[in-house]
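Reading through the structure tokens given below for one structure.
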Amino acid sequence: MRLLQALLALLLTAAAWASEVRAGVSAELHDAFKEIVRMYRQTYPEARLSITETVGPRDLEEADLWVGDARTVRANRALFEAGETRVIGVGRLALWLPKGSAVPLEDLGALTGIGVHAIAVPDPATSPYGEAALEVLRRAGVLEAVRPKLVSVGISELPAAALRADAAIVPNFQALGRSLQSKGRSLVINGDYPQLEVVVAVLKGKARGEVRDFARYLEGEGARTILRRYGFQGPRP
């Protein structure tokens, strides 16, 4: 009898473990992902699914799937299942100006003016948004003129740096966030610059049913609606 109970306990433990999905989530998706998970649980209250969010790329080997920037997948291809990566959104950049600034939002060339001394941008060494920001300035023909004004910081420190600067090029999700939206004005930078793709990608050996089910849910319209509210565009056709 005790042996039977022990076996039953092991089976229940294994079932509970199998129902856990561990997601590595990049910093820019932290708030949106929490809202998506909350909606998922409301939509499927019967689902026996425990979603554990890991910190980021450093935790990839402990995760079942990655939800975040595509650059992480490209840099760690050997860790991911082939054919199990899907684009679920595209990040955009925005020009943000503090309240009272006379700099026109519509003209990146105005950043060369004598009234602009510091421009906060994401660090290109650590963020694809930083690489894209430099490309935006290059294509606008002002990169070399404004380079001495650029203040490159990590993505999490960028809102605080923007508040200390005369202007900032920030991810659109930060321009719409609590730290910046009420303290200035912003405009999405359109045009042809490197796509800042947000993907869901399954780690190698982790493509079990519940992981794939949740990955498909992240591709759905409900999740994309939340991502749009946080400043991400839908994937290009």
Seminar exercise, completed: Among residues of the range 113-134 being over 18 Å from the mean Cα position of the chain (by Cα) and at pLDDT 95 or above, the residue surrounded by the fewest Cβ atoms within 10 Å (Cβ to Cβ) is 117
For this session: Filter the range 145-177 for residues that are in contact with a helix residue (DSSP H, G or I) (Cβ under 7 Å, 6 or more places away or on another chain), surrounded by fewer than 16 Cβ atoms within 10 Å (Cβ to Cβ) and more than 17 Å from residue 127 (Cβ to Cβ) and give the result.
Result: 145, 163
Exercise. For the range 40-75, what are the residues that are part of a loop (DSSP other than H, G, I, E, B), at pLDDT 80 or above and over 17 Å from the mean Cα position of the chain (by Cα)?
Worked result: 44, 45, 64
For this session: Evaluate the range 186-209: report whether one residue or more is touching a helix residue (DSSP H, G or I) at 6+ places or on another chain (Cβ under 7 Å) and part of a helix (DSSP H, G or I).
Result: no
Problem set entry | Residue that is nearest to residue 61 (Cα to Cα), among those in the range 208-230 that are small (Gly, Ala, Ser) and surrounded by fewer than 17 Cβ atoms within 10 Å (Cβ to Cβ) | 209
Exercise. Which condition number does residue 116 fail, the rest of (1) without any contact (Cβ under 8 Å) to a residue 40 or more places away in the chain; (2) not assigned by TED's automatic domain parsing to the domain that holds residue 73 being met?
Worked result: (1)
Exercise. Within the range 190-207, can you find the residues that are of a type in the set (D, E, K, R) and farther than 26 Å from residue 59 by Cα?
Worked result: 192
Exercise. When the residues of the range 179-197 are filtered to those that are over 16 Å from residue 92 (Cα atoms) and polar (S, T, N, Q), which remaining residue is surrounded by the most Cβ atoms within 10 Å (Cβ to Cβ)?
Worked result: 179
Seminar exercise, completed: Checking 100, 91 in turn, the sole residue that is within 30 Å of residue 145 (Cα to Cα), loosely packed, with under 14 Cβ neighbours inside 10 Å, modelled with pLDDT of 90 or more and of a type outside the set (D, E, K, R) turns out to be 100
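The values are calculated or read from the model by the stated rules, or taken from the named source; none is laboratory data. Just so we're clear, the structure is a prediction, and the values are computed from it rather than from any experiment. Glycine gets a Cβ as well: all are built from the backbone with ideal geometry, and neighbour counts include every protein chain shown.
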